[in-house]
1. Beyond 21 Å, how much of the Cα-Cα pair distribution for the range 145-220 remains, as a whole percent?
2. What is the gain in length, in nm to one decimal, between Gln243 and Phe309 on full extension, counting 0.36 nm per residue of separation less the C-alpha to C-alpha distance?
3. Computed over the Cα atoms of the range 110-266, what is the ratio Rg over Rh, Rh following Kirkwood?
4. Averaged across orientations, what area in nm² does the convex hull of the alpha carbons in the range 183-305 project?
5. Could you give the spread of the C-alpha atoms of the range 116-173 along their three principal axes, from largest to smallest, in whole angstroms?
6. Can you tell me how much longer the chain between Asp370 and Ser358 gets when fully stretched, taken as 0.36 nm per residue apart minus their C-alpha distance, in nm with one decimal?
7. Tally Lys/Arg at +1 and Asp/Glu at -1 over every other residue whose Cβ is under 15 Å from the Cβ of Met275; what's the total?
8. Based on the mean of other Cβ atoms within 10 Å per residue, sort peptides 277-284, 156-163 so the most packed one is first.
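The values are calculated or read from the model by the stated rules, or taken from the named source; none is laboratory data. Bear in mind that the values here come from a model prediction, so they are computed numbers and not experimental data. Cβ atoms come from the backbone with ideal geometry, glycine included; neighbour counts cover every protein chain shown. Please note that ligands, DNA and RNA were not included when accessible areas were found on the heavy atoms of the full protein model with its side chains. Shrake-Rupley method; radii C 1.70, N 1.55, O 1.52, S 1.80 Å.
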Amino acid sequence: MFGERLSRRLVLAGGICTAGATAVGVNAAVGQASHGGHDAGAAKPAADAYPAPPPSGHGGAHGAMVTVGEVDNARNGFDPAKMLTDWDVGVTSVLPDGRTLRTFEVVAEDKEIEIAPGVMFPAWTYNGRVPGPALRATEGERLRIVFKNYGSHPHSMHFHGIHAARMDGVPGAGLVDPGEEFVYEFDAKPFGCHLYHCHALPLKRHIHKGMYGAFVIDPDPGRHPEHLDVARSRLLGTPENAQWQEFVMVMNAFDTNFDGENEFYAVNTVAHTYMNSPIRIAKNRPVRIYLINVVEFDPINSFHLHANFFDYFDQGTTLTPTLKTVDLITQCQAQRGIIEFSFAEHEAGLYMFHPHQSEFTELGWVGMFDVVEDVA
């Protein structure tokens with residue numbers, strides 16, 4: 001029946017090829033270019049429009065939970081595989097008082113992106129990507145973020161951190177009209193795994209359209225002598241930090257027909273991307289994940305690691321775990337934290353990770369760690 005909306009129920013009904021597994025093959029572009037808009041229509045596919053994935057490969061070997069086809073990363077202007085380790089550290093200079101000034105430049109722009117093979121989404125972006133650049137600084141530095149709005153609507157950058165009211169990124173304090181710019185400036189504190197997002201109204205519209213990103217402040221080891229080794233292991237650029245395999249994962253989702261219900265879920269935007277291209281890790285080096293949940297319209301998200309357990313640092317603002325030896329944590333929207341684990345005692349192989357909301361998994365938020373003896 002033509003004109004039927006592409007709801008997540010329809011995606012599931014059409015895409016399940018084995019019990020608990022999904023192959024989503026959507027050839028028509030789905031999206032809504034306008035701000036207020038109505039639902040985008042999609043023709044109901046024929047029964048054979050969802051070809052089963054090949055029996056071999058990562059998806060076939062582990063339940064065939066993969067989308068059919070490939071997303072054009074070059075057209076998107078960002079690659080989820082590279083996003084895992086792509087930190088924006090800005091440009092540094094020295095202030096008269098001897099402190100480091102770290103300057104970032106961020107631009108808001110409207111951009112259509114591909115979130116699953118053949119599925120386009122009219123996003124609002126920071127620096128042309130969703131999530132926006134992963135900003136990383138060190139505790140105690142002075143931060144300066146030059147924000148330029150090249151988009152079609154007012155936008156801002158609200159940082160989860162400590163700063164003055166006039167730097168809060170809300171209406172009247174850093175909300176930027178199209179064609180204008182604003183400079184946010186504050187000290188980097190507290191250390192931890194934070195985020196930034198647009199705080200223009202309506203808030204749910206600006207967040208679910210893609211205006212968010214990771215904001216990590218590393219601890220200054222000199223301020224934490226009681227946990228010096230741990231603090232140094234988190235400080236980017238130290239030998240201790242180089243021993244870790246660090247990844248930033250922003251859990252997000254997309255409402256493709258603007259009905260207040262998500263049709264696709266992901267980490268770093270592209271559905272099933274880490275099933276199609278598993279994340280390779282060396283079994284003899286520990287893993288640290290900066291995990292952030294920005295899913296709109298669903299109250300709770302989660303992270304579950306197969307065949308292993310991890311320590312969790314909620315908000316990342318402590319140097320000792322808030323949860324030890326767990327294999328599942330939950331996060332509400334804007335909640336975040338640091339996950340640490342090791343596969344040193346495991347055999348090499350593919351190990352799955354996903355939320356424990358099964359529907360989220362089936363609609364794209366699932367991936368694999370490819371554990372190997374060593375990474376070249």
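1. 23
2. Full extension of this stretch gives 21.8 nm more.
3. Here the Rg-to-Rh quotient is 1.02.
4. It is 10.3 nm².
5. Largest to smallest, the principal-axis extents are 44, 28, 16 Å.
6. 2.1 nm
7. -2
8. The packing order, highest mean first, is 156-163, 277-284.
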